[in-house]
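J.: Pasting in a structure now, in C-alpha cells, and then I'll have a few things to ask.
The values are calculated or read from the model by the stated rules, or taken from the named source; none is laboratory data. Quick caveat, the model's predicted, so the values are computed rather than measured. Cβ: placed from backbone, ideal geometry, glycine included. Neighbour counts: every protein chain shown.
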Amino acid sequence: MIDVRSLTFGYETRTPIFETFDWKVERGDTWAVIGPSGSGKTSLLYLLAGLLDPSEGEVLIEDIPITRPRPRTGLILQEYGLLPWLTVEKNAALGLDVRNFYGPDGKHAPREHSQTETIRPWLERLGIASLARKYPTQISGGERQRTAICRTLALQPDILLMDEPFSSLDAIIREDLQSLTMELCREQGITLILVTHSIEEAAVIGKKILLLNRPPNSSPKIILNPGGGNVQFQFTSSYHEMYKTIRKELDEKTS
C-alpha cells in the first residue's frame, strides 16, 4: 500500500535524515515508529502525509506518487489541532466541512463521499456525544484527543498517521485511547502508523516496529511483534521480552 523508494530527505546545512531509504507498508498493517530524538520520526510521517517533499526518490500510496496531501490519509498530532472558538461537535465536523466546501471532485474530496455525512455517529462511538456543545477549554486532554480522532475518522481514512498522540495523557486515559484506536483501526481496516518515544507504547501497539537511527537512515531496522496491537499484550511474558529487544536495539543505535 505504501512504498517508500530510494527516499533522500534532509534540511539545509544538516546531514540528510534519510538517504536512499526503502520501506514498505502493507494494507491493514499496524506500525510503531521509534528512535532517538532527531532520527526523523516526525519527518517520515510528514513525508507520508505529503506535507514534505523528498529531495530524491518517492513515496507511493496505492502505486500513486505522493506530491501533496491525499484525501484518505488522516494525520493526528500531539497538540490535537482543535480551534478554541468551535464546540466539540464543530471541531469534529471541521474536516467534513472543508471537504464539502470543495465538493467531491476526486482531488480535494473523493467522489464516493456524499455531503450528507454526519458527525453524530462518530461522537457517540468515541463517547463524546454528551460534550458536543462544549468548547476545548471545557474538556479534558483525553476528551480533546477523542475529538481530534473523531474529526479524522469521520473522513473515512484508509491510512492513519499519529505523531505521539497520547504522550501528554495520564496512564489510564492513555491506555484507554490506545485500545480504542486499535479497535477502530481493526473495525475500519485502517493502516496505522504511530510515532512514539515510548518503548512500552511501541511494544503494545506495533505489530511491526520501525527503528530509526541517528541520521542518515539508509536501511530500515524492522522488528516483528505478533502480539502487538492489543493493550492486553503488556501483561504477558512475551511483552517483556519484546520490551527488552527494543531497548537493546535502541541502546545499540545510540551508543
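J.: Looking at segment 1-36, which of its residues are free of Cβ contacts under 8 Å to residues at least 60 places away in the same chain and either of a type in the set (F, W, Y) or closer than 22 Å to Y243 by Cα (or both)?
T.: Those that are free of Cβ contacts under 8 Å to residues at least 60 places away in the same chain and either of a type in the set (F, W, Y) or closer than 22 Å to Y243 by Cα (or both): F9, Y11.
J.: Could you tell me whether segment 115-126 includes any residue that is part of a loop (DSSP other than H, G, I, E, B), at pLDDT 85 or above, assigned by TED's automatic domain parsing to the domain that holds S167 and of a type in the set (V, I, T)?
T.: No, every residue in segment 115-126 fails to be part of a loop (DSSP other than H, G, I, E, B), at pLDDT 85 or above, assigned by TED's automatic domain parsing to the domain that holds S167 and of a type in the set (V, I, T).
J.: Only one of L96, L47, L86, L75 is within 27 Å of N213 (Cβ to Cβ), out of contact with any Cys (no Cβ under 7 Å at 6 or more places or on another chain) and not in a strand (DSSP E or B); which?
T.: L47 is the lone residue from the list that is within 27 Å of N213 (Cβ to Cβ), out of contact with any Cys (no Cβ under 7 Å at 6 or more places or on another chain) and not in a strand (DSSP E or B).
J.: If you go through segment 155-195 one residue at a time, how many are buried (at least 20 other Cβ atoms within 10 Å of the Cβ), among the charged types (D, E, K, R) and closer than 21 Å to E26 by Cα?
T.: Number satisfying all stated conditions: 1.
J.: Looking at segment 1-25, which of its residues are part of a loop (DSSP other than H, G, I, E, B) and under 21 Å from T152 (Cα atoms)?
T.: The answer is M1, and nothing else.
J.: Pick out the one residue from D53, D29, D63 that is touching a Ser or Thr at 6+ places or on another chain (Cβ under 8 Å), assigned by TED's automatic domain parsing to the domain that holds L210 and surrounded by fewer than 14 Cβ atoms within 10 Å (Cβ to Cβ).
T.: None of the others qualify; the one that does is D53.
J.: Among the residues of segment 159-189, count how many are polar (S, T, N, Q), part of a helix (DSSP H, G or I) and within 22 Å of Y46 (Cβ to Cβ).
T.: 1
J.: What residue, of S179, S167, S140, is touching a residue at least 60 places away in the same chain (Cβ under 8 Å) and either out of contact with any helix residue (DSSP H, G or I) (no Cβ under 6 Å at 6 or more places or on another chain) or among the polar types (S, T, N, Q) (or both)?
T.: Residue meeting the stated conditions: S167.
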